[in-house]
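A short worksheet on the structure shown next.
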Amino acid sequence: MARFRLLDGTGEIELKRTVEDVDRHGNVRVYVRVPSGKKIRLREPVGSQAFIEEHKAALLGKPKQVANVVTAGKGTIRWLAQQYYTSAEFKKMDARTQRVRRLILEKLCGKHGNKRYAELEPRHIRQWRDARTDTPEAANGIIKALRQVYTYALKNDLARTNPAAAVEYLTSNNPTGFHSWTLAEVEKFEERHPIGTMARLALALMLYTAQRRSDAVLFGPAQVNDGWLCFTQQKNRNRKPVYLEIPIRPELQSIIDASPCGEETFLVTEFRRPFTANGFGNWFRKRCDEAGLPHCTAHGLRKAAAARLADLGASEHEIMAITGHQTSKEVGRYTKAARQRHLAKQAFERTAEPIIVPLSAKEEKSGTPFSPKILKRKQKIRALVPRGGIEPPTLRFSVVCSTN
């Protein structure tokens, strides 16, 4: 059983007997394994209503007949998209990114594929964007995909302008992104999944390395070198590879030693085989549900680890050296709240005295500006002068009285 994100952006769906395979070209294909053992490929856009209906038909032993490939007329949006699929830029992307990008463009071509791409203007794209204001992530996905298609067209002299570049992204309904785990939530998960379980090992790997699930599922003895994890991050590994070396914390090593690890990877399925990134996400989702944490995700652990580092005073560049982020802007989204807490705490620790100014410290009516020295001198004088007045004179003061 696999989980798929719905194309309309309303959530996810689990479909029975579905498996995902990667062909020799890196393309992800979805199949339904029927009781006879045969696999039936699902060809409709993943997450669409047509995809769900195709899945139902396959379970009933009535696979959908493969339709003829749509022939795109030269100069149309569909034709340009098909040219883009053959480009080096598209082929360098990860298999999952290719699949998502193709789904977005194919859905768009279903409505506008026969239109001339040279006549497409920013106002047209804004109309498509504004029709999806309820799902800003889906709307922004269209803009991003079209920007890349027209960037390819400009480089290959197929277009003169990039109309999508002039279209603004919509503000997300969830600007903070994935929920960042709290310490109490981590403790609750640990209570439900003790050391020695695969779930506890998964938690520790992501929490003590601050890596994505696509990297965590590949960690194994081959990546360990003299107490360090040495690896290239999976995201953008074909376009902008990021190589990292992270020390293995003693806490993490003790959990690895006490866990039923696999031979190739630390994390393995119940069949002792390595996880796929998507399969691990579905599996970890269930482990969170078992711990009573339905709002927590694997990616939220990456955010929590980065935030904890910021809370302990680590600089942005130190955090980037662990998470693999390439810009301060990226890591800032993870650590903004922790940074604020750390700076606020630091500000209060700079002074041991209360910062509340007493009423007596207000400016005099004469307009003389307030000075801490003046306040201190006045307080000292008040301490020396009795409540009844200044008589008799003390050794430290002389009193001059004059009458008119």
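Read-outs throughout are calculated quantities, based only on the coordinates presented, and are distinct from any laboratory measurement. Computed from a predicted model, the values in this text were never measured in an experiment. A quick note on method: Cβ atoms are made from the backbone with ideal geometry, for glycine too, and the neighbour counts reach across all protein chains shown.
Overall size of the stretch 77-166 from C-alpha positions, given as principal axis extents largest first: 33, 30, 22 Å.
Here the label points at Arg249 and Leu183, each 7 Å from Cα along the C-beta direction, are separated by 1.3 nm in the simple model. Relative intensity of the stretch 183-349 on a log10 scale, I(q)/I(0) at q = 0.12 Å⁻¹, equals -0.55, per a Debye sum over C-alpha point scatterers of equal strength in the absence of solvent.
Counting neighbouring Cβ atoms within 10 Å and putting the fewest first, the residues Arg213, Arg200 line up as Arg200, Arg213. From least to most packed, judged by other beta carbons within 10 angstrom and beginning with the fewest, Glu20, Glu270, Glu187 follow the order Glu270, Glu187, Glu20.
Among Asp311, Asp157, Asp134, Asp215, the ranking by other beta carbons within 10 Å of each residue's beta carbon, starting with the fewest, stands as Asp157, Asp134, Asp311, Asp215. Its residue count N fixes a reference of 2.2 N^0.38 Å for the stretch 2-59, and the Cα radius of gyration divided by that reference is 1.10.
Projecting label points 7 angstrom from Cα along Cα→Cβ for Thr269 and His317 puts them 4.4 nm apart.
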